[in-house]
Amino acid sequence: MGKADRSFLKGVIEGFYGRPWSQQQRLELLGLMQELELNTYLYCPKDDLKHRALWRELYSDNELCGLRALIKSCRDHDIEFLYGIAPGLTICYSDDSEMELLQARFRQLLDAGCRSFAILFDDIPGKMSEADSVTYGSLAKAQCETANAIYCELLAKLGSRLIFCPTPYCGRMAEDQHGGANYLNEVGRHLDVDIDLFWTGPEIISPEISVESVRVLRETIQRKPVIWDNLHANDYDLTRFFLGPYTGRPLELREEVSGFMINPNCEFEANYVALKTLAGYLRASGSWNSRSAYKESLAAWLPRFSTVAKDRVTLDDLTLLGDAYYLPHESGQFAEQLYDDVRCIVTQPTDDWGERQDRLRKRIRQVVELARKLTEVHRRELFYAFNRQVWELREELEMIEQYMDWKLAGGDPATEPFRSGNYLPGTYRGGLVRRLQQLISFGADGALVAADE
Ligand code: GDL
């Protein structure tokens, strides 16, 4: 199979830090992916020990059994299964015995029925050992030769696909010369033309990926990249998750790349909208509106929130939840309004509150009710996925309501402090991390702000 015959990759990467998904979740994912016409699943959870930390060890029979089942299920669902390995933390590229170990792992997966692979060099130090420097001269060359050898010796004859994740995998890292000067140019020169390459956009978490930026990249890497999209990833801040739509990628970008794969929320249940809107973006012709796609996805998701009681989670509730946990750089409309209302109520005298007071009280009631309804959802994993964050949101809003009541009853923060028995020091919002956050914060422009004294 030549490169031109290869399918455009549309799918999901299980590539985040933290607890990997369960086998049951993965099997469910494959069903949903098939429904949505997504065709590729990449297995590379950072904390599968044998994916990264113990990359030299073969899988046990038991572990292999799980992978075989996944490979089979992918085949049954018309989905290409890719196995990813990340040896970069400890590999000595110039040591032949290391290469043998790497090949042994590829063979083990080939024997289990896997046909497509990824070799990942993300999130590793940008420098190599003295021995490797002497042999290769650059990290890019060491990695490319390793990937080429695997590809040529094991994969090319089977028509297998290999995707390479470079050490600088976004624009900023390339600018900072992570991995060495001209790393990507060297990859363009040395990496076998039939090997694909991952790219996350201008940033690790890219709010937007422009056509121009990818055109420039293509010149350098001498191929179309596969987008590894971290828009919905939340492993870097587990107080958040992202229920907003796939967005910030113009439709024309689809012509410039070899595929779009999303590495989404760690909480499996939180990924319905991400997947469905990605599928919508990939299918769209003419124009596409991410907010409308979001609303349609929420409506399709709603039946999964059936509860044991009669009072259902409504579409308005779900929109509130989605808007509150929208995207890394953006809140949804309901959340923006709620924030504006709270800001006015916290900072302005009661006479200036106007209609905001009523509107906010309604929203607070809705969040309190939603938190309760979620406890009654049949699908327990959904509740477990959202419980911590929704609990926190409700706590904050209830405190704000108490403060609002206190101000209305004549309380004046300039002359007397407001206290609540629910928020005694050392309990809610206590602990080392919160204290550190009070010492060091970040402004809207990303600049660090240190506490005064
Ligand atoms: C990364 C990691 C990814 C992680 C994501 C979000 C790539 C290529 N690698 O840098 O495993 O989930 O950020 O934290 O994106």
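Rounded to the nearest 10 Å², what accessible area does Asp405 have for a 1.4 Å probe in the complete protein model?
70 Å²
Return, for the Cα atoms of the range 315-422, the radius of gyration and Dmax in Å, separated by a comma.
Rg then Dmax for the range 315-422, in Å: 15.2, 49.
Which whole-angstrom value gives the distance between the alpha carbon centres of the range 173-207 and the range 352-429?
That distance is 45 Å.
Whenever you get a sec, line up His232, His329 from highest to lowest accessible area (probe 1.4 Å, protein heavy atoms). Mind dumping the intermediate values first?
Details: His232 0, His329 115 Å².
Reading off the accessible areas and sorting them downward yields His329, His232.
For helix 211-221, report the angle its Cα long axis makes with the longest principal axis of the Cα atoms of the chain; keep it between 0 and 90° and round to the nearest 10°.
The helix 211-221 is inclined about 30 degrees to the chain.
In whole percent, and with a 1.4 Å probe on the protein chains, what portion of the accessible area of the range 315-422 is carbon and sulfur? Before the final figure, lay out each step's value.
Values: 2810 of 5820 Å².
C and S atoms contribute 48 percent here.
³J(HN,Hα) across the range 434-442 via Karplus (A = 6.51, B = -1.76, C = 1.60, θ = phi - 60°), whole Hz, x for Gly/Pro?
Karplus-based 3J(HN,Hα) across the range 434-442 equals 4, 5, 4, 5, 6, 6, 10, 10, 10 Hz.
Quick one: angle between helix 333-347 and the longest Cα principal axis of the chain, in degrees between 0 and 90, rounded to 10, please.
Here the helix axis deviates by roughly 50 degrees.
For a protection proxy built on the mean count of beta-carbon atoms within 10 angstrom, sort 321-328, 133-140, 235-242 highest first, please. Intermediate values should be presented prior to the final figure.
Working: 321-328: 22.0, 133-140: 18.0, 235-242: 15.2.
Top of the packing list down: 321-328, 133-140, 235-242.
Which whole number in µm²/s is D for the chain by Stokes-Einstein, with the Kirkwood Rh taken over Cα pairs at 4 °C and 1.567 mPa s?
Details: Rh = 24.3 Å.
Result for D is 53 µm²/s.
Given the Cα atoms of the range 361-440, and with Rh set as the inverse mean 1/r over their pairs in the Kirkwood sense, what is Rg to Rh to two decimals? Let's see the in-between values first.
Details: Rg = 15.7 Å, Rh = 14.8 Å.
My calculation of the ratio gives 1.06.
Hey, if we sort Lys373, Lys276, Lys127 by accessible area with the 1.4 Å probe, largest down, what's the order?
Working: Lys373 20, Lys276 55, Lys127 180 Å².
Sorted by accessible area, descending: Lys127, Lys276, Lys373.
May I ask for the net charge around Ile400, where only other residues with Cβ less than 11 Å from the Cβ of Ile400 are counted and Lys, Arg are +1 while Asp, Glu are -1? The partial results should precede the final answer.
Details: positive: Arg343, Arg361, Arg363, Arg394, Lys407; negative: Asp341, Glu395, Glu396, Glu398, Glu401, Asp405.
Its environment carries a net charge of -1.
Based on the alpha-carbon gyration tensor of the range 33-155, what equivalent-ellipsoid semi-axes (square roots of 5 times the eigenvalues) come out, in whole Å, largest first? Don't skip to the end; give the middle numbers.
Details: eigenvalues 158, 44, 34 Å².
Semi-axes, largest first: 28, 15, 13 Å.
How high is the relative contact order of the range 77-221, in percent, counting Cα pairs under 8 Å that sit 6 or more residues apart? Show your work: numbers first, answer last.
Details: 194 pairs, mean separation 33.6, N = 145.
Relative contact order of the range 77-221: 23 percent.
Taking Cα atoms, how many degrees apart are the long axis of helix 23-35 and the longest axis of the chain, rounded to 10 and kept between 0 and 90?
90 degrees
Could you state the per residue volume, in Å³, of the convex hull enclosing the Cα atoms of the range 111-246? The partial results should precede the final answer.
Details: hull volume 20.0 nm³, N = 136.
Residue-normalised Cα hull volume stands at 147 Å³.
Considering only protein heavy atoms, what per residue accessible area in square angstrom results for the chain with a 1.4 angstrom probe? Mind showing how you got there, number by number?
On the way: 21360 Å² over 453 residues.
The answer is 47 Å² per residue.
Working from the pairwise distances between different alpha carbons, so that the mean of 1/r is found and then inverted, what is the range 149-224's Kirkwood radius in Å?
Radius from the Kirkwood sum: 13.1 Å.
Please list Cys74, Cys92 from largest to smallest accessible area, probe radius 1.4 Å, with all protein chains kept in place. All intermediate terms of the calculation are to be shown ahead of the outcome.
Values: Cys74 0, Cys92 35 Å².
Result, largest first: Cys92, Cys74.
The values are calculated or read from the model by the stated rules, or taken from the named source; none is laboratory data. Source: prediction; values computed, not measured. FYI the Cβ positions are ideal-geometry reconstructions off the backbone, even for glycines, and counts take in every protein chain you see. Note: accessible area is taken over every heavy atom of the protein model, side chains too, but ligands, DNA and RNA are not part of it. Shrake-Rupley method; radii C 1.70, N 1.55, O 1.52, S 1.80 Å.
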